[in-house]
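Here is the structure we will look at, set down as structure tokens.
The values are calculated or read from the model by the stated rules, or taken from the named source; none is laboratory data. Because the structure is a prediction, the values reported are computed rather than measured. With ideal geometry, Cβ positions are generated from the backbone for all residues, glycine too; neighbour counts draw on all protein chains shown.
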């Protein structure tokens, strides 16, 4: 195996195992920042030793043992080992040789799944800002570098680095416990976790800014986190609802981009290019959510809407009245101008553009939508369908001026030019 092959192997192992390492170390040390530091130390050791000694038979276990060894050394230096013995329920023979120090009591190897679950709740703790939660989650659980996170969200790397540093400091200062919330707190805290995962997915599915319409790698990271969470919390309906929503939406990624990178909207996509495996997985996850009584949860409702599209062989076969009804349920559950805007689209497809335009005009003055480019975009589409080309062109131009994504801006300007031709 060449040095390049070994480095690629180390990178792949790190991407798969880093969250587990940090989770176990955080349980031992009760310090997320220190846990990540020692996990990184284990990675550096692998980079130094594996090219000379070869890749171990079980590289993940090797990294775990090395990381735990460093944690134990740190505890010894801090003269806290005896207290940690009592807290964690393991014994280490004082005077044990360094090369045997990784042979730990079985209590250290507590269920890694539990540790991952604790880490997810810590990284997504509401004490952190939304931006900090996203950055810390991708860093600790996604295994992304600060540079990768910065490039994904088109933010300067120092900004991401500062968010992560501040997040770790806040967790330490607030003494956030490394634990799964109690039953009475679980629903509120879980909603924060699901929100972060879906924010990551959405940024991959429809990039806020930049030159690319989608960033599939972010969708993959969010899907992986969602699937892990579903395995760790199999009785939580909304977790399965979120996974269902992401699986079905991710099935369209290849069809959303044209040969030149241009966006292809839902009704014009080649449905033969949709990933049927992801659709089956999504429908299965939706069925699990419904079986658990989560049919009316916000993510399950959105997944049910996505399922209507997935089940339609062609765009004209879409059950728009059902989609409009589902959006009405969603609007009642979590009232929001954005949900109303989406409902307007569904109503227009089910009952005509004038019905949809009435809903849009009712929310036009909503302050939270003042800079939301999709409001004039939807209004322009409805006006165009009603034959009001001049008004539609003005709306598309306004939407283009507000859009931050270059590809989306081009699409909107094309729509405006098309209105000019038929006006």
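Residue check: residue 57 meets all listed conditions (1) part of a helix (DSSP H, G or I); (2) out of contact with any helix residue (DSSP H, G or I) (no Cβ under 9 Å at 6 or more places or on another chain) but one, namely (1). If you go through segment 266-280 and pick out every residue that is closer than 15 Å to residue 245 by Cα and not in a loop (DSSP other than H, G, I, E, B), you end up with 5.
Restricting attention to segment 118-166, the residues that are surrounded by 17 or more Cβ atoms within 10 Å (Cβ to Cβ) and without any contact (Cβ under 8 Å) to a residue 12 or more places away in the chain total 2.
The helices (runs of 4 or more DSSP H) found wholly in segment 369-423 and carrying at least 1 residues that are without any contact (Cβ under 8 Å) to a residue 24 or more places away in the chain and surrounded by fewer than 21 Cβ atoms within 10 Å (Cβ to Cβ) occupy 389-402, 406-422. Let me confirm something: among 223, 194, 218, 242, which residue is without any contact (Cβ under 8 Å) to a residue 40 or more places away in the chain, part of a helix (DSSP H, G or I) and on the phi < 0 side of the Ramachandran plot? Within the list 223, 194, 218, 242, the selection yields 223. Check whether at least one residue in segment 206-215 is closer than 23 Å to residue 410 by Cβ, out of contact with any strand residue (DSSP E or B) (no Cβ under 9 Å at 6 or more places or on another chain) and either surrounded by fewer than 18 Cβ atoms within 10 Å (Cβ to Cβ) or not assigned by TED's automatic domain parsing to the domain that holds residue 251 (or both), and report yes or no. Looking for residues that are closer than 23 Å to residue 410 by Cβ, out of contact with any strand residue (DSSP E or B) (no Cβ under 9 Å at 6 or more places or on another chain) and either surrounded by fewer than 18 Cβ atoms within 10 Å (Cβ to Cβ) or not assigned by TED's automatic domain parsing to the domain that holds residue 251 (or both), one finds none in segment 206-215, hence no.
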